[in-house]
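The values are calculated or read from the model by the stated rules, or taken from the named source; none is laboratory data. The shown structure was predicted, so the numbers you read here are calculated from the model rather than taken from an experiment. Glycine also receives a Cβ, built like all others from the backbone with ideal geometry; neighbour counts cover every protein chain displayed. Ligands, DNA and RNA are stripped out before the accessible areas are found, and what is left, the full protein with its side chains, is counted by its heavy atoms. Shrake-Rupley method; radii C 1.70, N 1.55, O 1.52, S 1.80 Å.
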Amino acid sequence: MRWESLFNDLESQLRSMSSDEEESEISERTRSEQSRLMLVQRLDGQRGNPLGVVTRGGRSLFGVLAHVGSQWIAMGVENRTVIVPLASIQVLRGLRREVGQPLSGVQARLGLGSVMRELSRDRAQVSLWLGLPATCCSGVVDRVGADFLELGSVAAGDERRTGSVREVLTVPFASIDTVDSAVPME
């Protein structure tokens, strides 16, 4: 009887060790998979969900995540679209557990220039927020280069016409904190 009790005890310890090893293996694999996860994948899994964003320029935004590009996100915030470059994001709030797939094809090529060219094509009135100190310029995106844009600065609500342009500002993408537009993104 003593031997039987000893064997049962040893068997129980062996099962416990095997279970602990399995849990350790699962935890290690999970950490390894998570280490390969990119921010755009994490954000892609959040599309259609509410999200809070704090930018390096100090803006605190709350809206619904509508689109994810390789270098930016678009949020619906109070009847406007706000483009936030990934490089400008300081903190994200309210992310759920979902994760998207790695971006591929057209979606992977949608850099900041792509979305700025869309705003330029639509002749959309935008509010361009620059980093620190926080500065806002209103106007229409006239031209988009590989790493910059040119903004025809006009008074809020004015249309872009030759006579209404105060000045043309050349802005490197790296200086952009956010871009607000009344035009919803398709």
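Quick test of your reading of the structure: Val84 fulfils all but one of (1) modelled with pLDDT of 90 or more; (2) surrounded by fewer than 13 Cβ atoms within 10 Å (Cβ to Cβ); (3) closer than 29 Å to Glu150 by Cα. Name the failing condition by number. Exception for Val84: condition (2). In segment 87-107, of all residues being of a type in the set (S, T, N, Q) and farther than 12 Å from Gln41 by Cβ, the one that is most open to solvent (accessible area, probe 1.4 Å) corresponds to Gln90.
Taking the criterion of being over 18 Å from the mean Cα position of the chain (by Cα), farther than 19 Å from Ser175 by Cβ and of a type in the set (Asp, Glu), would at least one residue in segment 140-159 satisfy it? Looking through segment 140-159, at least one residue is over 18 Å from the mean Cα position of the chain (by Cα), farther than 19 Å from Ser175 by Cβ and of a type in the set (Asp, Glu). Regarding segment 119-127, can at least one residue be identified that is closer than 20 Å to Ala182 by Cβ, open to solvent by less than 40 Å² (accessible area, probe 1.4 Å) and assigned to a strand (DSSP E or B)? Within segment 119-127 (the criterion being closer than 20 Å to Ala182 by Cβ, open to solvent by less than 40 Å² (accessible area, probe 1.4 Å) and assigned to a strand (DSSP E or B)), the answer is yes, since at least one residue qualifies. Residues of segment 92-115 include at least one that is assigned to a strand (DSSP E or B) and not basic (Lys, Arg). Scanning segment 49-65 for residues that are aliphatic (A, V, I, L, M) and either open to solvent by less than 50 Å² (accessible area, probe 1.4 Å) or in contact with a Phe, Trp or Tyr (Cβ under 6 Å, 6 or more places away or on another chain) (or both) yields Leu51, Val53, Val54, Leu61, Leu65.
Could you check Pro102 against (1) modelled with pLDDT of 85 or more; (2) under 15 Å from the mean Cα position of the chain (by Cα) and say which number it fails? Unmet condition: (1).
Candidates Gly48, Gly63: the one that is without any contact (Cβ under 8 Å) to a residue 40 or more places away in the chain and not in a strand (DSSP E or B) is Gly48.
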